[in-house]
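First the structure, in the form of structure tokens, and then the observations on it.
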Amino acid sequence: GAVVSQHPSWVICKSGTSVKIECRSLDFQATTMFWYRQFPKQSLMLMATSNEGSKATYEQGVEKDKFLINHASLTLSTLTVTSAHPEDSSFYICSARGTSTYNEQFFGPGTRLTVL
Amino acid sequence: AQTVTQSQPEMSVQEAETVTLSCTYDTSESNYYLFWYKQPPSRQMILVIRQEAYKQQNATENRFSVNFQKAAKSFSLKISDSQLGDTAMYFCAFPPTGANSKLTFGKGITLSVRP
């Protein structure tokens, strides 16, 4: 099956620093990648959609300058949380969609970000 | 726009018993798919089962089956012979159709399987 990896799986950083999270599709080319944020016991909240080689589309209320997304290739997307603050602490999940008939998304294992 | 509703926040079931998780949805599309995802404590999202709306036959994957009622826009998940490893959050989801490019999730339900 399609595999998506995320790195790092967890990260702790100081307030004011930037953190980069990588999302890779390992065995398929992902035309579209998605970034989600999830709080405990809640559903996934879509932050942005990125297509390879073009600018990401952000959901309403998501700060573009805070959450920088780059989709440089068909197998790699990155999310950079700039000038992180404690309220940015959360679980971030990426997913990738290839050319499945079902428009299925394959999810990475997630990254837990803690900002001190 | 599609909407997905899961009204039960939590459920509990005894090991080896059967449990049904409810989901309703709304859409103006006629051809579409529906998914159930499982998120165990590891938090890895796992696709449990998918249903194609044009198929009258309910999808089945081992101990997991759906009761798909298209007219009622209902898509419930039945887990038979519940196992401790079924303990997880379960999300009903509506994949992109037409001009909509987003996967629409329900709020999720936390299922606990008791030994």
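Every read-out reported here was derived from the displayed coordinates using simple, explicitly stated rules and does not represent laboratory data. Not measured: the values here are computed from a predicted model. Cβ sites come from the backbone with ideal geometry, for glycine too, and all protein chains shown count toward neighbours.
Figures for the structure shown
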| read-out | value |
| --- | --- |
| Test: B:Gln57 is farther than 16 Å from B:Ser12 by Cα and away from every other protein chain (no Cβ under 14 Å) | yes |
| Long-range neighbours under 9 Å by Cβ, at least six apart or interchain, first residue over 17 Å from A:Phe106 (Cα atoms) within region A:1-15, second small (Gly, Ala, Ser) and surrounded by fewer than 16 Cβ atoms within 10 Å (Cβ to Cβ) | A:Ser15/A:Ser83 |
| Qualifying residue in region B:62-85 (condition: among the hydrophobic types (A, V, I, L, M, F, W, C), out of contact with any helix residue (DSSP H, G or I) (no Cβ under 7 Å at 6 or more places or on another chain) and within 14 Å of chain A (Cβ to nearest Cβ)) | no |
| Out of B:Lys102, B:Lys73, B:Lys78, sole residue that is free of Cβ contacts under 8 Å to residues at least 12 places away in the same chain and either closer than 30 Å to A:Trp10 by Cβ or within 16 Å of the chain's Cα centre (by Cα) (or both) | B:Lys102 |
| Subset of region B:32-46 that is part of a strand (DSSP E or B) and of a type outside the set (S, T, N, Q) - its residue that is nearest to the other protein chains (Cβ to nearest Cβ) | B:Tyr33 |
| Scan of region B:30-44 for residues that are surrounded by 12 or more Cβ atoms within 10 Å (Cβ to Cβ) and touching a residue at least 40 places away in the same chain (Cβ under 8 Å), ordered by number | B:Tyr32, B:Tyr33, B:Leu34, B:Phe35, B:Trp36, B:Tyr37, B:Lys38, B:Gln39, B:Pro40 |
| Qualifying residue in region A:94-115 (condition: within 14 Å of chain B (Cβ to nearest Cβ), surrounded by fewer than 19 Cβ atoms within 10 Å (Cβ to Cβ) and part of a strand (DSSP E or B)) | yes |
